[in-house]
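> For reference, the structure I am asking about is given below.
Every read-out reported here was derived from the displayed coordinates using simple, explicitly stated rules and does not represent laboratory data. Because the structure is predicted, anything quoted here is derived from the model rather than measured.
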Amino acid sequence: MRVGVLALQGDVPEHLAAIGELIPKGSAVPVRDPSDLERVEALLLPGGESTTIASLMVESGLFEAVRTRIGKGLPVLATCAGLILVSRELEKSPSGPNPPTLGALDVLVRRNDYGAQRESFEAPVRLSGVKGGMFPGVFIRAPRILRVGPHAEPIAYRGKEVVGVRSGRVWGLAFHPELSDDRRLHAWFLKEAARRR
């Protein structure tokens with residue numbers, strides 16, 4: 001299975017490295033335009049700056065191309081800024097206008113709700129579908145999931161707070177699994193993506 005990482009801005013090398021540890025060499029590829037997208041069977045939307053990523057997606061033609069592929073069943077793992085981009089609804093943010101979203105995940109999200117860059121932190125996260133104990137969650141200017149709609153299910157928790165959800169083949173996380181050395185979450189996503197091919 002060829003897995004793409006949206007490579008316009010953000011934690012692209014980290015996601016490519018994480019995926020590269022789990023699948024054959026050359027199967028993890030950057031996606032910079034619609035022709036790159038056509039060649040992948042799953043896609044990761046990385047953390048970064050959501051407004052910048054959305055703007056670059058629109059300019060490159062990837063915004064509508066990704067929306068179309070999601071509608072056809074493309075598995076997507078979206079982390080931090082990626083969660084913002086796939087969300088169905090964004091609460092008004094004091095940090096500026098909200099970017100357009102793909103509307104693929106039935107959640108209400110508030111951008112940068114855990115604080116500024118200097119307030120970033122690590123915290124244990126419980127994953128509902130992974131064995132091996134708590135997962136090391138890295139939260140950097142993280143969005144907060146305020147509400148999970150009926151068409152999505154929680155898959156990750158920080159205490160009692162939901163920090164990860166999935167809706168069919170679209171997964172969204174408020175944290176950065178690519179910034180830890182733990183590959184269980186990427187492996188779980190890839191296993192599910194391959195199973196549903």
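> State whether the stretch 101-190 is rounded, prolate or oblate according to the following rule on the C-alpha gyration tensor (a ≥ b ≥ c being the square roots of its eigenvalues): a/c under 1.5 gives rounded; otherwise a/b larger than b/c gives prolate, and the remaining case gives oblate.
The shape class here is oblate.
> Does the chain classify as rounded, prolate or oblate by the C-alpha gyration tensor (a ≥ b ≥ c root eigenvalues; a/c under 1.5 gives rounded; else a/b over b/c gives prolate, otherwise oblate)?
The shape class here is rounded.
> Report, in deg cm²/dmol and to the nearest 500, the calculated mean residue ellipticity at 222 nm for the chain, where each DSSP H run with n ≥ 4 adds -39500 (n - 2.57) and the sum is divided by the residue count.
Dividing the helical sum by the residues of the chain leaves -7500 deg cm²/dmol.
> List every residue whose amide H lies under 5 Å from the amide H of Trp171, counting only residues 5 or more places away in sequence or on a different chain, with H placed 1.01 Å from N in the peptide plane.
Excluding prolines and chain starts, which carry no amide H, the hits are Val76, Leu77, Ala78.
> Separate question: Let me make sure I get this right: for the stretch 9-76, a, b and c are the square roots of the gyration tensor eigenvalues over alpha carbons, sorted descending. Under 1.5 in a/c it's rounded, otherwise prolate if a/b > b/c, else oblate. Which is it?
oblate
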